[in-house]
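Heads up: the structure comes next, in structure tokens.
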Amino acid sequence: MKLMQGAPPSPDRQVTVADWRAPGVCRWSFSHVRQLLPTAPMPPAAAPVSVPEARQDLSNLKVDDKGTSLDDFLQTNATDALVVLHRGRLVHEWYGGWGAPDRQHIIFSISKSLTALLVGSLVGEGVLDPDQHVTHYLPETKGSAYDGATLRHVLDMTVASAFSEEYLDEDGIFMAYRRAAAWNPPKEGGSSEGLRRFLARLPASDGAHGGRFHYCSPHSDLLGWIVERVAGGSFAAVMSQRLMQPTGLAAEAYITLDTFGAPRVAGGICVTALDLARLGEMVRCGGAVRERQVVPESWITDMRTSDTRDAWLAQSDGPRHFPDGCYRSKWYQTGLADDEFCGIGIHGQWLWINPAREVVIVHLASQDAPTDPDNRPGLIAMLRATARAFG
């Protein structure tokens, strides 16, 4: 917890672009991304939507079969923030590590879920067509994995690409991707090609588009490029104007950029926990905030109910999450009893919505491992037990 202390910090306390996601170091950096990477601001609402309080002490709530309390679970899982809303009211709030009510935290792939909501608003206005080919919007991608793919394929992660999502990759295509996004420094003596050039040459696989779910983070960065192309402005500005401000966010959010100003839409959004809960509550309410429809209700309904299980089950290594669920428009349908759905980010980021219980839960963390299959069931059990405290 003494990282980045001193002027300048001593070498053993210095966080850099080369190690900011490393175990231990990430506890500081995930709440201080703006001090490490280039970013673009996303201004909040001029008049934030108030969140009424109906606080309850959930610290002793049992969250698993072993009798673990919620407080103990959060203390031992590198949790930085937990926010629970019930019927739009703040019922529980917890912070640890460097988490704080007014501090933005990186949400990694929940960024994808928010971006798909923005795409939904543009589809609702006829600016985008899910069935239109990617090359219609971005001719630069002809000859890449996106040639022949539609916007719907990109949204549902069914593009036939040869990209491999290997978070611990040190010298392959995933590391090349992170270098392009400026999340890692370029090779010694080299320079960054930037996200857009990387996307324009993403390799295709031998399969057909639409047949198989294949998780590929660059697809969401491509969505950001498409949004900028059709909306005529920066992704940060469009996201702020069309999603963040109408939802009533109270604090400035921001997104990381590559060295050419392209946004890391796949995982670079940083936002406070309560503002992420505001966004989740908007989704729970069918895309509406009070009397204002921010995202078309039809988009939310499609995201929650469209059956994409054939592609989901066709994954080469089987479903990583929710065997009875599926994936639609960058959100996970869980297939669980209360029809829960969620956005998930590496290192412990979850936006969990239980419509039956009218509950929204935000869990932000700085867990050492990007993914931990052994820990995932316990985290899902915690989220479900917390939601079931209301009914």
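The values are calculated or read from the model by the stated rules, or taken from the named source; none is laboratory data. This is a predicted model, so every value here is computed, not measured. So basically every Cβ, Gly included, is an ideal-geometry build from the backbone, and we count neighbours across all protein chains shown.
Here are the numbers for the structure shown:
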item	result
Qualifying residue in the range 310-317 (condition: out of contact with any Pro (no Cβ under 7 Å at 6 or more places or on another chain), surrounded by 19 or more Cβ atoms within 10 Å (Cβ to Cβ) and farther than 18 Å from G120 by Cα)	yes
Residue within the range 84-93 that is surrounded by fewer than 14 Cβ atoms within 10 Å (Cβ to Cβ) and either modelled with pLDDT of 95 or more or under 28 Å from M244 (Cα atoms) (or both) present	no
Any pair with Cβ under 7 angstrom, 6 or more apart, that starts in the range 17-32 at a residue that is surrounded by fewer than 21 Cβ atoms within 10 Å (Cβ to Cβ) and ends at one that is of a type in the set (G, A, S) and not in a loop (DSSP other than H, G, I, E, B)	W20/S29
Options A311, A369, A387; residue that is of a type in the set (A, V, I, L, M), within 22 Å of S164 (Cβ to Cβ) and part of a helix (DSSP H, G or I)	A311
Number of the exception - M382 against (1) modelled with pLDDT of 95 or more; (2) surrounded by fewer than 17 Cβ atoms within 10 Å (Cβ to Cβ)	(2)
Residue that is farthest from the chain's Cα centre (by Cα), among those in the range 334-345 that are surrounded by 19 or more Cβ atoms within 10 Å (Cβ to Cβ) and either within 22 Å of I106 (Cα to Cα) or acidic (D, E) (or both)	E340
Subset of the range 197-212 that is among the hydrophobic types (A, V, I, L, M, F, W, C) and either at pLDDT below 95 or not in a loop (DSSP other than H, G, I, E, B) (or both) - its residue that is surrounded by the most Cβ atoms within 10 Å (Cβ to Cβ)	L199
Which numbered condition Q35 misses (of (1) out of contact with any His (no Cβ under 8 Å at 6 or more places or on another chain); (2) of a type in the set (S, T, N, Q); (3) touching a residue at least 40 places away in the same chain (Cβ under 8 Å))	(3)
Pairs with Cβ under 8 Å, 6+ apart, first in the range 356-378 and of a type in the set (K, R), second part of a strand (DSSP E or B) and surrounded by fewer than 24 Cβ atoms within 10 Å (Cβ to Cβ)	R357/H86
Odd one out for D275 among (1) surrounded by fewer than 20 Cβ atoms within 10 Å (Cβ to Cβ); (2) out of contact with any Asp or Glu (no Cβ under 8 Å at 6 or more places or on another chain)	(1)
Qualifying position, being farther than 18 Å from D221 by Cβ and of a type outside the set (G, A, S), among V91, V134	V91
Single unsatisfied condition, Y215 versus (1) touching a strand residue (DSSP E or B) at 6+ places or on another chain (Cβ under 8 Å); (2) of a type outside the set (D, E, K, R); (3) not in a helix (DSSP H, G or I)	(1)
Residue in the range 366-375 that is under 17 Å from the mean Cα position of the chain (by Cα) and crowded, with 24+ Cβ neighbours inside 10 Å present	yes
Cβ pairs under 6 Å, 6+ apart, first in the range 232-249 and more than 12 Å from R292 (Cβ to Cβ), second outside any helix (DSSP H, G or I) and among the β-branched types (V, I, T)	A236/I255
Qualifying residue in the range 102-113 (condition: surrounded by 24 or more Cβ atoms within 10 Å (Cβ to Cβ), basic (K, R) and farther than 16 Å from R284 by Cβ)	yes
Residue within the range 261-274 that is within 14 Å of the chain's Cα centre (by Cα), over 23 Å from T158 (Cβ atoms) and part of a helix (DSSP H, G or I) present	yes
Qualifying residue in the range 287-303 (condition: on the phi > 0 side of the Ramachandran plot and either free of Cβ contacts under 8 Å to residues at least 40 places away in the same chain or of a type outside the set (D, E) (or both))	yes
